[in-house]
1. Tell me the mean residue ellipticity at 222 nm calculated for the chain from its helices only (DSSP H runs of n ≥ 4, each -39500 (n - 2.57), averaged over every residue, nearest 500).
2. Quickly rank 108-117, 12-21, 423-432 as a protection proxy: mean count of other C-beta atoms within 10 Å, highest first.
3. Need one word for segment 326-386: rounded, prolate or oblate. Basis is the Cα gyration tensor (sqrt eigenvalues a ≥ b ≥ c); a/c below 1.5 gives rounded, then a/b vs b/c decides.
4. Here are some values of semi-axes √(5λ) of the Cα gyration tensor in Å: (i) 37, 33, 24; (ii) 41, 28, 23; (iii) 54, 35, 24. Which one was computed from this structure?
5. I need to check one value: relative contact order of the chain, counting alpha carbon pairs closer than 8 Å and at least 6 residues apart, in percent.
6. Taking every alpha carbon pair in segment 297-337, what does the distance histogram look like in 5 angstrom bins from 0, in percent?
7. If contacts are Cα pairs under 8 angstrom and at least 6 residues apart, what is the relative contact order of segment 242-297 in percent?
8. Strictly greater than 23 Å: what percent of every Cα pair in segment 1-81 meets that?
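Bear in mind these aren't lab numbers, they're just calculated from the coordinates by the rules spelled out. All of these numbers come straight from a predicted model, not from anything done at the bench. FYI the Cβ positions are ideal-geometry reconstructions off the backbone, even for glycines, and counts take in every protein chain you see.
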Amino acid sequence: MSDVQAIKDKIDVADLIGEYVQLKPSGVNKKGLCPFHHEKSPSFMVNSERQSWHCFGCAKGGDIFSFVQEIEGMEFVEALKYLANRAGIQLDNNFRSEINSSQKNRLKEINKEAARFFYNFLIKMPGAKPALDYLVKRGLKEETIDEWQIGFIPDQWDLLTQYLFKKGFSIDDLVASGLTIKCEDANVQTGRGFWDRFRGRIMFPIWDIHGEVVGFTGRILVEKPDSAKATPGKENFTPGKYINTPQTVIYDKSRVIFGLNKAKQEIKTKDLVVMVEGQMDVIACHQAGMKNVAASSGTALTEQQIKLLQRYSANLNLSFDADEAGQNAAKRGIDVALSMGMNVKVIKIPEGAGKDPDECLKKNSAIWFQAVNNAQAVMEWFLEKVLYGQDLSNPRLKQIVANKFLSQIVLIPYAVERDHWLKQLSERLGVEVSVLREDQEKIKTKIKIKAEVVGSNSEEKKVSILSPIASEETRLDILIENLVAGLLRYPKLYSELADKMPEAALFAWRYGGLYNELKKQYNGGNLEANKLRDLSILENQENIVDVLMLKGEWEFSVISELEVKKELENLCERIKEEWVRNRRHEMQTEIEKAEKAGDTFKVKSLLGEFEELNIK
């Protein structure tokens with residue numbers, strides 16, 4: 001048995017996908033809303049027995065490997081490593097060498113080793129005592145430091161680089177990881193001219209959702225001229241208090257949420273994400289027993305981050321700095337979350353109780369817990385914000401308030417909610433709802449035009465290898481697929497419909513070989529879908545029989561067998577009509593070409609065939 005098959009046997013596709021999508025039973029399958037496109041009615045189907053999935057809305061589908069590749073943006077070897085670790089499968093030498101050839105996997109190994117180095121230095125080395133004392137003073141317990149693998153690196157130029165280089169990692173990979181900085185006059189052979197990005201800093205590993213270290217945040221221990229940007233013999237300047245791993249092939253800050261790997265189960269259990277700003281806020285909350293907390297690490301929430309959070313909950317309580325900069329950054333994230341259907345609330349720490357969650361927990365943890373529980377609906381918070389201090393007797397100021405709040409309302413994807421907030425604004429401003437709806441439509445139009453302009457200037461999205469080109473699937477293809485899907489679900493109906501089969505169309509279909517095999521099996525007295533499935537395996541492609549069996553269960557599971565028979569009879573007729581229509585069009589083109597070429601024999605033959613089609 002191959003490693004790939006062994007992994008498939010160990011991991012139920014429905015269990016895996018269920019961690020990303022809320023699946024509900026649907027006959028022998030499970031179904032849910034597709035994570036790859038926006039839809040209101042579920043067309044995403046999963047079958048555990050065949051270990052397959054398919055969306056009938058966007059046409060993506062496959063197995064556990066293709067799902068992980070698609071949803072996580074992984075290459076096959078990355079998905080292989082991740083799923084092998086999950087399944088507890090030891091990969092053979094061929095696969096291991098393939099994994100090691102992947103730069104992404106090499107960089108993850110570098111980060112894993114660097115995290116171990118930072119942690120061991122903090123715990124074991126006398127030179128790290130000031131850092132350890134600082135963390136204890138901040139209220140962190142020994143077990144918390146261990147759980148979060150907090151570490152330290154002293155203020156030396158190339159301590160980590162030399163350590164990792166001696167461990168066998170290439171200097172190019174160390175630079176690519178963001179841990180090592182390369183000087184202009186660097187020499188790869190001697191190793192000179194390379195230094196550590198992080199120096200004299202307390203180190204916080206940043207994990208992806210699967211618990212792989214993808215980057216670091218370094219907090220300066222002693223604030224002085226720089227550790228990260230200083231160069232020998234040059235004037236130094238004050239460093240940032242915090243510096244992060246730069247963008248790498250495995251770290252993109254817009255796609256990573258600090259602490260989500262540790263918080264995700266509790267988020268799912270409580271059906272609530274508590275989002276804070278900094279790493280210390282997250283760690284302090286977890287230490288205090290609130291474990292459904294994660295951080296955007298000081299940046300506005302992005303669409304990719306919201307999608308990550310939506311795997312676990314649609315409810316988001318947000319804490320952010322009360323200053324203007326903090327509110328503006330939070331507002332950008334709130335807009336994204338609202339437009340994606342999240343239920344957003346704002347956590348308000350009482351004045352004097354602390355400037356952030358960490359400080360609030362130190363002063364009185366009960367106040368922080370209460371603030372989270374009493375979080376205010378974001379639209380209420382924003383309405384108060386836009387109304388504060390405004391003279392509503394001034395029509396111009398009233399219009400400005402209306403425009404600001406309407407700009408928030410139009411982001412909400414749900415009509416009932418939009419209507420509620422329109423009425424609230426109407427009451428507060430003393431303006432008719434119908435008047436506000438007029439302005440709302442104008443604002444929607446402006447937003448739409450802006451989005452179209454931005455979209456037209458952006459790069460075209462790459463088409464997934466799992467997505468068939470939409471133009472290749474014709475109306476006739478869809479009708480035939482529905483017919484064959486019904487026959488696979490109810491094979492005994494074939495005998496009742498055999499004389500009605502539109503065979504000319506079925507044999508000309510792009511999967512005509514499949515229909516030919518289906519007919520052979522029927523004539524042999526033994527029509528078995530699994531045999532057809534085994535004959536339809538194509539490397540790196542979905543098995544068409546899997547897709548059609550899922551389609552049959554999706555299309556025909558809620559109607560009786562008698563109704564299915566009537567539907568299949570109707571499909572046979574529609575397929576014949578569509579095929580004849582298409583064939584006539586093709587023949588007209590062929591006749592015109594033959595006439596232009598002066599080929600009278602071919603013209604006569606085609607005209608005869610054309611007349612036969614008219615009789616049909």
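1. Details: 27 runs with 331 residues, N = 616.
Only helices count here, giving -17000 deg cm²/dmol.
2. Numbers: 108-117: 19.8, 12-21: 17.7, 423-432: 14.8.
Going from most to least packed, we get 108-117, 12-21, 423-432.
3. Numbers: a/c = 2.13, a/b = 2.00, b/c = 1.07.
It comes out prolate by the Cα gyration axes.
4. It is the value labelled (iii).
5. Over the chain, the number comes to 8 percent.
6. 5, 25, 31, 23, 11, 4, 0
7. Details: 65 pairs, mean separation 22.8, N = 56.
The normalised contact order for segment 242-297 reaches 41 percent.
8. Working: 529 of 3240 pairs.
Tail of the P(r) past 23 Å holds 16 percent of the pairs.
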